[in-house]
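The next block holds one structure in the form of structure tokens; read it before the comments.
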Amino acid sequence: MPSKIFAFLILLAPFSAFAEVTYHKDIAPIVYANCTSCHREGESAPFSLSNYEEVSRKAKTIARVVDDGYMPPWHASPKHLPFQDVRRLSSDEISKFSLWLEAGKPEGDPAAAPQMPDFPKGWQLGEPDLVVSMAKAYEVPADGPDIYRNFVLPLDLPEDKWVKAIELRPSARSVLHHSLFFLDDSGTARSLDGKDGKPGFSGMGFRKSGSLGGFVPGATSKRLPGDLARPLPKGSDIVLSTHFHPSGKVENERTTIGLYFADSPPSRQLQEVQVPPGFGRGVGIDIPAGESNYVIEDSFTLPVDYEAISVGGHAHYICKTMEMTATLPDGERKVLLEITDWDMDWQDTYYFEESVILPAGTIIKSVISYDNSSNNPANPHIPSQRIKWGRESTDEMGSITLIGVPVEADDFTRLSRATKVERAKILTSLGRELINSRVASRLPRIIKSLDKNRDDNLDASELPERMRAALLLKLDADGDKSLNPSELQALKDWLENLKASEGV
Amino acid sequence: MTLTRFLLSLLFLASLLTSAQEEKTGHTTPRGKVWIFVAVDCPIANGYAPELNRLQQDFESRGIDFTLVYPEPSLHESSIISHLKEYSLDFDYHHDRTHRLVTKSGVIVTPEAAVFDSNDQLIYRGKIDDRYSEFGDRRSIATKTYLRDVLAQLLAGEEIGFHETEPIGCYIESLAEN
């Protein structure tokens, strides 16, 4: 008898590689660790993957999308510094799905199944300190192009707050693709909201006074490390900048967000380092139609020691690749982020496994490439058109942002000032625009026509909305949100100097 | 004009109108049929619901029969009904439990179209249009309307051999072997 069993086992041996792959032993651990957090009841993915039945029903599709690298969505190259909460499968894990399929999707022994992680229902970080919802739902049509829309959430906070984390709960999961959280302390966004008869407004016609990060499905909700928190000054509104994908049926989205506050102000203030600044405005993105490899680059030298905790990129449809490197004063080169297959759908923030210390003098460099040919399926224009920097999704942007803190709390002002100087690049590009559009040569007449109340000052409300913020930042020396004759003379001098230096 | 002649010509006119009406409402023999394979939970297939409605609207009256085919054997009839309702799909449907239609047409994903001419010959299999070129690569507007073009050619009486395009979507799982 035992010898017979032995013979049987010998016969089976060549097939053991296939026979070994079962759902409970091999597939479930990968799925629960990488897929189920979104692919479960009540979450944003289109179907559940939480048991044998559900995974088996989608086995071929899963095998294909993991092989393509489309799922799980994770675009940061794994070759460089390690990140937290990585959603990327090893080649061994990927091959298990096709082996399982070939074997006929055996279920295997339920006793071998891993414990299903304890996924929280509802708020992932527990009950928030403040919950705010959109006043009215926004209707997303059944089909047509993607929609970008901003919604104002008035907070009317009586005091300054510090935000550790924000969570977002959509009401129509299948259409809400992602949201960014901006702050507006001017009331401009409030005045724009609903102007076209529908909730919210399109375009970025307000000056962001801050940012609280963003929400991308699939990203893990987390509190900022240590005592770090983002400032939320009293009087600020939150502006949700939301990207919708029509789903095939009309849906109504009424977003709710939950804010988690810190008990006390942080010991060190967060400072973003965005390269190039202004989401690429300053480097003059201007991509000819048909150009398949248009590259922008920019760098910034850190004036103080800096501790980077996360990195993320921003661009629109036709971006292909982006890379941010740090060259340390001793010559060591670190790649902070590399994306070789940019996908606007998955704009994630990547948290470093361990925060990265970058000494003063480190050069942070970003290189971003675009494909504006008609071979690029993501190109929103058919046939391809010249694409310039702009706020609409069919325009382009391009920047990579580090989030972190100065190593020494006292260095915040120096770092903050340096990033402001860096933002002056945006003004140089604005100045160039003014010269090219021949505004510069007709300046006295233009000032006269803008000065509606004829007091010889240009008040904020008299400045063209598009360049209001930039002009005030550059020229409003006394900070009264109005340009007096001497400040306007400075505008004239600046444009003339710029003209001379560029030989226009 | 005698009264008889007048009545006869009226009758003749009426018969002309009736045949024109038949032509319009497709009461004549179908000139082709389309099977569109879909799933209740495939986001790519669901995204095509408005286009499927437009296709049916544009071609059904001209003699093309449309059937939505649900190839997932374990689906409940009630899920199909609620899916049709949810996406406003006013179509005839077939629940292909045995994969007879899947086998006959050779489709592999949802959404995928199979077009047969009036002799029941398969003349097209594949994408509805080129909005998807890969998972995640989605054009906002189609530049090639494959299914629409095949149907127009079929109605124009053009000689069309079989052709196919590579479909992108959610794979149809093979039937469990017994």
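The values are calculated or read from the model by the stated rules, or taken from the named source; none is laboratory data. These figures come from a predicted structure and were not determined experimentally. Glycine gets a Cβ as well: all are built from the backbone with ideal geometry, and neighbour counts include every protein chain shown. Note: areas computed on protein heavy atoms with side chains; ligands, DNA, RNA excluded. Shrake-Rupley method; radii C 1.70, N 1.55, O 1.52, S 1.80 Å.
Hey, any hits in the range A:111-126 for a residue that's more than 14 Å from chain B (Cβ to nearest Cβ), farther than 26 Å from A:Glu253 by Cβ and assigned to a strand (DSSP E or B)? Even if it seems obvious, please write down each step before you answer.
Looking only at the range A:111-126, we keep the residues that are more than 14 Å from chain B (Cβ to nearest Cβ), and these are A:111-126.
From what's left, farther than 26 Å from A:Glu253 by Cβ: A:111-118.
After this cut, where a residue has to be assigned to a strand (DSSP E or B) as well, the list is none.
Looking through the range A:111-126, none of the residues is more than 14 Å from chain B (Cβ to nearest Cβ), farther than 26 Å from A:Glu253 by Cβ and assigned to a strand (DSSP E or B).
Which members of the range A:405-421 meet the condition of being among the aliphatic types (A, V, I, L, M) and either open to solvent by less than 20 Å² (accessible area, probe 1.4 Å) or over 21 Å from A:Ser310 (Cα atoms) (or both)?
A:Val405, A:Leu415, A:Val421
Mind checking whether some residue in the range B:81-103 is surrounded by fewer than 21 Cβ atoms within 10 Å (Cβ to Cβ), hydrophobic (A, V, I, L, M, F, W, C) and farther than 21 Å from A:Gly248 by Cα?
yes
Any chance the range A:430-452 includes a residue that's in contact (Cβ under 8 Å) with a residue 60 or more places away in the chain and among the β-branched types (Val, Ile, Thr)?
Scanning the range A:430-452 turns up at least one residue that is in contact (Cβ under 8 Å) with a residue 60 or more places away in the chain and among the β-branched types (Val, Ile, Thr).
Those residues that are closer than 25 Å to A:Ser247 by Cβ and charged (D, E, K, R), I need them from the range A:44-89; list them, please.
A:Glu53, A:Glu54, A:Arg57, A:Lys58, A:Lys60, A:Arg64, A:Asp68, A:Arg87, listed by residue number.
List pairs: first in the range A:57-82 and more than 8 Å from chain B (Cβ to nearest Cβ) and open to solvent by 70 Å² or more (accessible area, probe 1.4 Å), second at pLDDT 95 or above and in a helix (DSSP H, G or I), Cβ under 7 Å, 6+ apart or cross-chain?
Note: pairs meeting the criteria are A:Asp67/A:Ile94.
Of all residues being part of a helix (DSSP H, G or I) and touching a Phe, Trp or Tyr at 6+ places or on another chain (Cβ under 7 Å) in the range B:71-101, which is farthest from the other protein chains (Cβ to nearest Cβ)? Just the residue, please.
Once the filter is applied, the top-ranked residue is B:Leu101.
Which of the strands (runs of 3 or more DSSP E) contained wholly in the range A:187-290 include at least 1 residues that are open to solvent by 20 Å² or more (accessible area, probe 1.4 Å)? Lay out the reasoning, then the answer.
Working: elements: A:210-215, A:230-232, A:237-244, A:251-253, A:256-261, A:271-275.
The qualifying strands (runs of 3 or more DSSP E) are A:210-215, A:230-232, A:251-253, A:256-261, A:271-275.
Being within 12 Å of chain A (Cβ to nearest Cβ), buried (at least 17 other Cβ atoms within 10 Å of the Cβ), closer than 26 Å to A:Val55 by Cβ and in contact (Cβ under 8 Å) with a residue 60 or more places away in the chain, is that true of even one residue in the range B:134-143?
Within the range B:134-143, not a single residue is within 12 Å of chain A (Cβ to nearest Cβ), buried (at least 17 other Cβ atoms within 10 Å of the Cβ), closer than 26 Å to A:Val55 by Cβ and in contact (Cβ under 8 Å) with a residue 60 or more places away in the chain.
Of A:Ser393, A:Ser384, A:Ser373, which residue is crowded, with 21+ Cβ neighbours inside 10 Å and within 14 Å of chain B (Cβ to nearest Cβ)? It would help to see each step written out before you state the result.
Numbers: A:Ser393 fails: crowded, with 21+ Cβ neighbours inside 10 Å; A:Ser373 fails: crowded, with 21+ Cβ neighbours inside 10 Å.
Exactly one of A:Ser393, A:Ser384, A:Ser373 is crowded, with 21+ Cβ neighbours inside 10 Å and within 14 Å of chain B (Cβ to nearest Cβ), namely A:Ser384.
From the list A:Leu180, A:Leu130, A:Leu125, which one is modelled with pLDDT under 90 and closer than 19 Å to A:Ala229 by Cβ?
From the options A:Leu180, A:Leu130, A:Leu125, the qualifying one is A:Leu180.
Exactly one of (1) under 16 Å from the mean Cα position of the chain (by Cα); (2) open to solvent by less than 40 Å² (accessible area, probe 1.4 Å) is unmet by A:Lys320. Its number?
Every listed condition holds for A:Lys320 apart from (2).
Checking B:Tyr132 against (1) at pLDDT below 95; (2) closer than 16 Å to B:Asp65 by Cβ, which single condition isn't satisfied?
So B:Tyr132 meets the others, but not (2).
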